[in-house]
Amino acid sequence: MILHDPKEIEKRSFEIIASELPVSIPAENELVVKRVIHATADFDFAENLCFSEHAVEKALAALRCGCDSVTDTQMARSGINKKILAALGGEAHCFMSDEDVAAEAVRRGTTRAEVSMEKAAKLDKPCIFAIGNAPTALLAIYDLVVAGKLSPALVIGVPVGFVNIIEAKEKIMTLDIPYIVARGRKGGSGVAAAVCNALLYQIKR
């Protein structure tokens, strides 16, 4: 039978995901894992996604208090449900295309991702950092946290690729901060947005 109703399609999709999960997922993390699998059709994320202790609970508390979101791509930002985020008092930012960020990156011979994280660290409210593309964004977050210049509400470390990817993710997991990290090479902007939405939808319910 071909389904056409979007709600029925999503409902059936999650039923299939639940029936095919290769491992048992802790209840607190289950909706995040399932939403990522729904976005990617990749069951490897059932085992690749790593959560710091009570990361989801801490992120939900921050969102309810109106925290912002910061992404490393416009694609990830566009995928976040900004209506729910705004209703909670939050805003989604991506500074990658800002002229001052581009100019500073050229001046220093570094990436816009690094400079954009430095700019985000100056925001006057807590933020969830959703990184799906640039490992240098994660490395910048690591350095800012170590330097005492940033205390993120959550770091979603899911960049995809081959260079600096694994090292950057592993460094984030050494920090005493809330994180959700996709270990290994897999990830992407869609995954970053899916994690954000999985958190937001739990509040919406």
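The values are calculated or read from the model by the stated rules, or taken from the named source; none is laboratory data. Here the structure is a predicted model, which is why all the values come from computation and not from measurement. Glycine also receives a Cβ, built like all others from the backbone with ideal geometry; neighbour counts cover every protein chain displayed. The accessibility values were calculated without ligands, DNA or RNA, using every heavy atom of the protein model including side chains. Shrake-Rupley method; radii C 1.70, N 1.55, O 1.52, S 1.80 Å.
Overview of results
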{"quantity": "Flag if D68 is closer than 18 Å to G157 by Cβ, touching an Asp or Glu at 6+ places or on another chain (Cβ under 6 Å) and modelled with pLDDT of 95 or more", "calculated": "yes"}
{"quantity": "Subset of the stretch 115-155 [aromatic (F, W, Y) and closer than 18 Å to M96 by Cβ]", "calculated": "F129"}
{"quantity": "Conditions (1) buried (at least 18 other Cβ atoms within 10 Å of the Cβ); (2) within 18 Å of V191 (Cα to Cα); number of the one not met by K82", "calculated": "(1)"}
{"quantity": "Cross-chain or 6+ apart pairs with Cβ under 7 Å, the stretch 80-105 first and aromatic (F, W, Y), then open to solvent by 50 Å² or more (accessible area, probe 1.4 Å)", "calculated": "F95/K119"}
{"quantity": "Hey, F129 assigned to a strand (DSSP E or B), open to solvent by less than 60 Å² (accessible area, probe 1.4 Å), modelled with pLDDT of 95 or more and out of contact with any Cys (no Cβ under 9 Å at 6 or more places or on another chain) or not", "calculated": "yes"}
{"quantity": "Residue, least open to solvent (accessible area, probe 1.4 Å), within the stretch 157-205, restricted to residues that are in contact with a Leu (Cβ under 9 Å, 6 or more places away or on another chain) and charged (D, E, K, R)", "calculated": "K169"}
{"quantity": "Some residue of the stretch 109-122 being open to solvent by less than 10 Å² (accessible area, probe 1.4 Å) and either under 18 Å from V36 (Cβ atoms) or at pLDDT below 95 (or both)", "calculated": "no"}
{"quantity": "Residues located in the stretch 140-156, provided they are open to solvent by 60 Å² or more (accessible area, probe 1.4 Å) and either polar (S, T, N, Q) or touching a residue at least 60 places away in the same chain (Cβ under 8 Å) (or both)", "calculated": "S151"}
{"quantity": "Test result for A61, modelled with pLDDT of 95 or more, under 19 Å from A140 (Cβ atoms) and under 18 Å from the mean Cα position of the chain (by Cα)", "calculated": "no"}
